[in-house]
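The values are calculated or read from the model by the stated rules, or taken from the named source; none is laboratory data. Bear in mind that the values here come from a model prediction, so they are computed numbers and not experimental data. Glycine also receives a Cβ, built like all others from the backbone with ideal geometry; neighbour counts cover every protein chain displayed. Just so you know, the surface numbers come from the protein's heavy atoms only, side chains and all, with ligands and any DNA or RNA stripped out. Shrake-Rupley method; radii C 1.70, N 1.55, O 1.52, S 1.80 Å.
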Amino acid sequence: QVQLVESGGGLVQAGGSLRLSCATSGRTFSNYAAAWFRQAPGKEREFVAAITWSGGSIYYADSVKGRFTISRDNAKNMVNLQMNSLKPEDTAVYYCAASKFYYGSSWSPYDYWGQGTQVTVSS
């Protein structure tokens with residue numbers, strides 16, 4: 001089992017920045033790929049970014065490319081999402097996810113999920 005706990009969400013004005021963190025515990029997190037997804041009210045869960053277990057490969061959704069940066073620190077069992085130039089359309093609950101066998105943009109193969117953290121961007 002891998003437990004994931006997100007933090008760092010909040011209210012920010014358009015153009016501002018937030019840094020989300022995902023603290024992990026349980027099995028060796030360095031063996032798992034990790035990802036961030038988001039879900040706005042009334043919308044489907046949307047892929048944001050993913051990173052392999054080593055950090056050697058990273059994949060972003062087109063909507064966040066150039067603005068968001070995913071990173072991980074396996075020594076600290078952390079995954080982070082730096083979000084810059086935020087837009088009102090980035091408003092959503094952001095979820096951290098992990099998978100030992102999958103790295104990609106589909107949400108269903110990810111085995112472990114956090115509870116989510118709310119990000120609200122005002123215009």
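For the range 67-77, a residue qualifies if it is modelled with pLDDT under 95 and of a type outside the set (D, E, K, R), and the qualifying residues are Asn74, Ala75, Asn77. Within the range 96-123, residues that are more than 19 Å from Gln82 (Cα to Cα) sit with their Cβ atoms under 9 Å from residues that are among the β-branched types (Val, Ile, Thr), at 6+ positions apart or across chains, in these pairs: Lys100/Val2; Tyr103/Ile51; Tyr103/Thr52; Asp111/Val2; Tyr112/Val2; Tyr112/Thr24.
Among residues of the range 87-104 being assigned to a loop (DSSP other than H, G, I, E, B) and open to solvent by 50 Å² or more (accessible area, probe 1.4 Å), the one that is farthest from Phe29 (Cα to Cα) is Lys87. For the range 68-86, which positions are assigned to a loop (DSSP other than H, G, I, E, B) and exposed (fewer than 15 other Cβ atoms within 10 Å of the Cβ)? Within the range 68-86, Ala75, Lys76, Asn84, Ser85 meet the criteria. Taking the criterion of being out of contact with any Leu (no Cβ under 8 Å at 6 or more places or on another chain) and open to solvent by 20 Å² or more (accessible area, probe 1.4 Å), the residues of the range 1-12 that qualify are Gln1, Gln3, Val5, Leu11. Evaluation of Ile58 against the conditions (1) hydrophobic (A, V, I, L, M, F, W, C); (2) open to solvent by 50 Å² or more (accessible area, probe 1.4 Å); (3) under 19 Å from Ser7 (Cα atoms) shows that the sole unmet condition is (3).
The residue that is surrounded by the fewest Cβ atoms within 10 Å (Cβ to Cβ), among those in the range 39-50 that are touching a residue at least 40 places away in the same chain (Cβ under 8 Å) and within 16 Å of Thr69 (Cβ to Cβ), is Phe47. Does at least one position in the range 41-54 carry a residue that is in contact with a Cys (Cβ under 6 Å, 6 or more places away or on another chain) and closer than 22 Å to Val121 by Cα? No; the residues of the range 41-54 include none that is in contact with a Cys (Cβ under 6 Å, 6 or more places away or on another chain) and closer than 22 Å to Val121 by Cα. In the range 10-38, how many are assigned to a loop (DSSP other than H, G, I, E, B) and either more than 17 Å from the chain's Cα centre (by Cα) or free of Cβ contacts under 8 Å to residues at least 40 places away in the same chain (or both)? Result for the range 10-38: 5.
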